[in-house]
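The structure under discussion appears below in the form of structure tokens.
The values are calculated or read from the model by the stated rules, or taken from the named source; none is laboratory data. Quick caveat, the model's predicted, so the values are computed rather than measured. In this analysis, Cβ positions are derived from the backbone assuming ideal geometry, glycine residues included, and neighbour counts consider all displayed protein chains.
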Amino acid sequence: MHAPAKTIPFFASLLDQCSSTKSLQKLKQIHARTIHLNISSHSFIRTKLLSAYASCSQMREAHVLFLFFTSRQPTFLYNSLIRAYTSLNQFSQSLSIFHHMIIAQKPFDGFTLPLVLKCCGQLSHVTLGRQLHGAVLVHGYSSDLANNNSLISMYGKCGELQCARKVFDEMPVKTYVSWSALMTGYEKLGMAWDVFALFEKMVEMGMEVDGVTLTTVLTTCSREGMVEKGKEVFEMMEDRFGVKPGLEHYTCMVDMLGKAGLVEEAEELVMGMELEKDEALWNALLVACRIHGKVEVAERVERRFLGRA
């Protein structure tokens, strides 16, 4: 049975849609259809199937399809698996795929290294991170924004702030992601004034400020007990920066107010939220109650948390 010439591009397009929408049910239906039409073994369709299964976090199926390529796996298929494992926080498995890629002498590209650098940061694997930094330089990616941002993030998470700052300072172009990555590194090491200095410089330069950046600033305020600064930043989020406070921002505020003993104020903030509250937020408030002996507040919080208010 031979499929019409237009069948391959048509099904490839459908599989791309499954990848972007992460629709597993639709993917399985299309996969079954390609088998019926005897085109599932076509290299282009098999590639699209693998990418789609990886996008839907179905790693067993993706691996089976990957193995069918034997020694002919192209770089972007390795990238698909590395990206999928990274999105599932399976960073060691991502590095294992990358190691397999190197052994197979497959060339990596500008999309490979940011993914692997993220894994290095999450696993504090600074030795490999430095080697990858060398690869970035050797292969001409030193002016690539995504690779530089990934290097800053990796060095920051590994506690190598001098290296992170050097990459940042030498970047020909920076975005708010670059600034935020460096700020996060400083925050992780408790370098509060460096966080605030970068934040104020961002604002002064008219840079875009996103929710991740503001989470970093609020986390720093909480850690350092800078209640007034935290309140100031929280209150200007929407009006000045156009960022609607999310659960992570409210949780930072509750943590900050709770540590300062302002438990009733934290409770009032939580009760005035329009967002649905999650377990982390309730727990932050309960911890503050226990630390400061606010029994009545704790009882009210527990009733609301258990849905009996």
Top-ranked residue of the range 76-92 - restricted to ones that are closer than 16 Å to Gly121 by Cβ and over 12 Å from the mean Cα position of the chain (by Cα), ranked as surrounded by the most Cβ atoms within 10 Å (Cβ to Cβ): Ile82
Any hit, the range 21-35, residues being closer than 25 Å to Gln122 by Cβ, not assigned by TED's automatic domain parsing to the domain that holds Val126 and not hydrophobic (A, V, I, L, M, F, W, C): yes
Test result for Ser51, buried (at least 16 other Cβ atoms within 10 Å of the Cβ), polar (S, T, N, Q), touching a residue at least 24 places away in the same chain (Cβ under 8 Å) and part of a helix (DSSP H, G or I): yes
Lone qualifier among Phe11, Phe44 - being outside the structural domain of Leu117 (by TED's automatic domain parsing), modelled with pLDDT under 90 and assigned to a helix (DSSP H, G or I): Phe44
Test: Arg240 is over 21 Å from Val177 (Cα atoms) and part of a helix (DSSP H, G or I): no
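Right, Val263: in contact with a His (Cβ under 7 Å, 6 or more places away or on another chain), surrounded by 17 or more Cβ atoms within 10 Å (Cβ to Cβ) and farther than 23 Å from Glu200 by Cα or not?
yes
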Residue in the range 97-111 that is surrounded by the fewest Cβ atoms within 10 Å (Cβ to Cβ), counting only those that are under 19 Å from Ser55 (Cα atoms) and at pLDDT below 95: Phe111
Hits in the range 94-126 (condition: of a type outside the set (A, V, I, L, M), part of a helix (DSSP H, G or I) and free of Cβ contacts under 8 Å to residues at least 12 places away in the same chain): Ser96, His99
Search result, residues across the range 54-75 that are buried (at least 20 other Cβ atoms within 10 Å of the Cβ) and aliphatic (A, V, I, L, M): Ala54, Ala62, Leu65
Meets criteria (more than 22 Å from the chain's Cα centre (by Cα) and free of Cβ contacts under 8 Å to residues at least 12 places away in the same chain) for Glu224: no
